[in-house]
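Asks: First the structure, which I've put down as structure tokens, then a few questions once you've had a look.
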Amino acid sequence: MNHSKLKPYFVLVVVLSLIGFTDAMYLSAVHYLDGAPGCGEQGGCDEVASSEYSVMFGFPIALFGLLFYLTVFALSLYWFDKRNPAVPQWILYIVSPAFLFSMWLVYLMLFVIQAICWWCVLSASTTTIIFLSTVFVVLKGLHKQ
Amino acid sequence: MGKSKKTKKVNQKNIQPDKSSFKLYAGAGILIVAIAVGIIALVMSQQNEAPDAIESQQVVSADVHIKGNPDAPNQLTKYSDFGCVHCANQHVLLKEFFEEHGDNFSLQIMHFPINNNALSRMAIAAALSAGRQGQYWEMVDLIYANPTQWRSDPQSAFISFVDELGLDRDQFVADMNDEDMAYKIVQDYFEFRDMGINATPTLFLNGERVPNPRTLDQLKSTIL
């Protein structure tokens, strides 16, 4: 089995999931640690991250993102450990709904809330790149070679 | 002896990959925890660093408008930006609060246009100009309630507010163009910034900082 073809993919996924984790951690921390949100001279108003759309089932959406990135990160580590060729397929099962949900959030941000949250844009980007690269790997059958 | 040596070797071989797995997962775990701790520390250090107390008799150069009872023992001061959605939310809470407790409280808005932005300064001028015709708080309500309207097309939005309140258009436009008022709005901004105000809304009760409430009940439990 040729693992070297999958290695760049998993290095990319590890890096992106760490960036996504850091981002989601920041948004979750802001949600739980800041009192009521405000607008500061150093940054934006967190208008998106503190909107009614930022909470689902009583939890901030960022927390779901945190779990998602942590799972993808753990799966990538598992591949580095066991070189299990099924891992890209597993990641695809997780990243596909995450990608669709991310697109929905981008739609809400741009057309409903009408404000930009750069932390949310960053998260949507990392999810999109993980999704596209995983689709590429699985469609090309790189994991089966 | 020979046999036990052999077993030892076999055991070591079995343990080897587990050790490297352990290192991989332990290293990753430490990295994740380090990121989490770092981010939490960063967020905690970023919290609104406005002073815990201010001089209650702060000199304000722009026109003064007091809501509630001006002689009330409980004086609320709110540093606020018209362009800030959270200030608008807090304004709704305070409005509800004053319907019930207006006799015992007074409220003054200190206009703090974040980063001295021109659009918010224009909204402040609109509120103060309406104030010169006796409808400051009514204009404040309209500005907070319709942010997208005046942020996208300020001139026609403010004129429509003027018509809605039945104000004299010409007088309003003349006041909006009052350079002295425009200067005082900027002067206030820099004065507040020098005091340490750097975020909105920032609320004080008799000069003591009050944490921003999320709900009316939270506001009541904090200041009553």
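Just so it is clear, none of the values below were taken in a lab; they were calculated from the coordinates. These figures come from a predicted structure and were not determined experimentally. Note that we place each Cβ from the backbone using ideal geometry, even for glycine, and neighbour counts take in every protein chain shown.
Asks: On C-alpha positions alone, give me the angle between the axis of helix A:61-82 and the longest principal axis of chain A, in degrees, nearest 10.
Replies: 20 degrees
Asks: Same structure, new question: Given the DSSP H assignment, sum -39500 (n - 2.57) over each helix run of at least 4 residues in chain B and divide by its residue total; what's the result at 222 nm in deg cm²/dmol, nearest 500?
Replies: -20000 deg cm²/dmol
Asks: For B:Ala174 and B:Met195, what does the FRET efficiency come to when R0 = 30 Å and r is the distance between their Cβ atoms, rounded to the nearest 0.05?
Replies: Result of the calculation: an efficiency of 0.40.
Asks: Count the lysine pairs in chain B that are 8 or more places apart or on different chains: how many have C-alpha atoms under 27 angstrom apart?
Replies: Lysine pairs, 8 or more places apart or on different chains, close enough: 21.
Asks: Something else: Would you be so kind as to identify all helices of chain B, as entire DSSP H runs, whose Cα atoms reach 18 Å or more along the helix's own axis and whose mean Kyte-Doolittle hydropathy is at least -1.0?
Replies: B:2-45, B:85-101, B:118-131, B:179-195
Asks: Here's something else I'd like to know. Based on the Cβ-Cβ distance of A:Ser125 and B:Leu42, what FRET efficiency does E = 1/(1 + (r/R0)^6) give at R0 = 30 Å, to the nearest 0.05?
Replies: Approximately 0.90, to the nearest 0.05.
Asks: Can you tell me which aspartates and glutamates have their Cα less than 19 Å from the Cα of A:Lys5? Leave out same-chain residues fewer than eight positions away.
Replies: Of all the aspartates and glutamates, those that pass the test against A:Lys5 - Cα under 19 Å, at least 8 places apart if same chain - are A:Asp81.
Asks: Please return the longest range in chain B lying between exposed loop sites, taking GluC sites (Glu not before Pro), DSSP loop only, at most 16 other beta-carbon atoms within 10 Å, and leaving the sites out.
Replies: That would be B:56-224.
Asks: As a test of the formula, what do you get for chain A when each DSSP H run with n ≥ 4 contributes -39,500 (n - 2.57) and the sum is divided by the residue count, at 222 nm and rounded to the nearest 500 deg cm²/dmol?
Replies: Taken over chain A, the calculation gives -22500 deg cm²/dmol.
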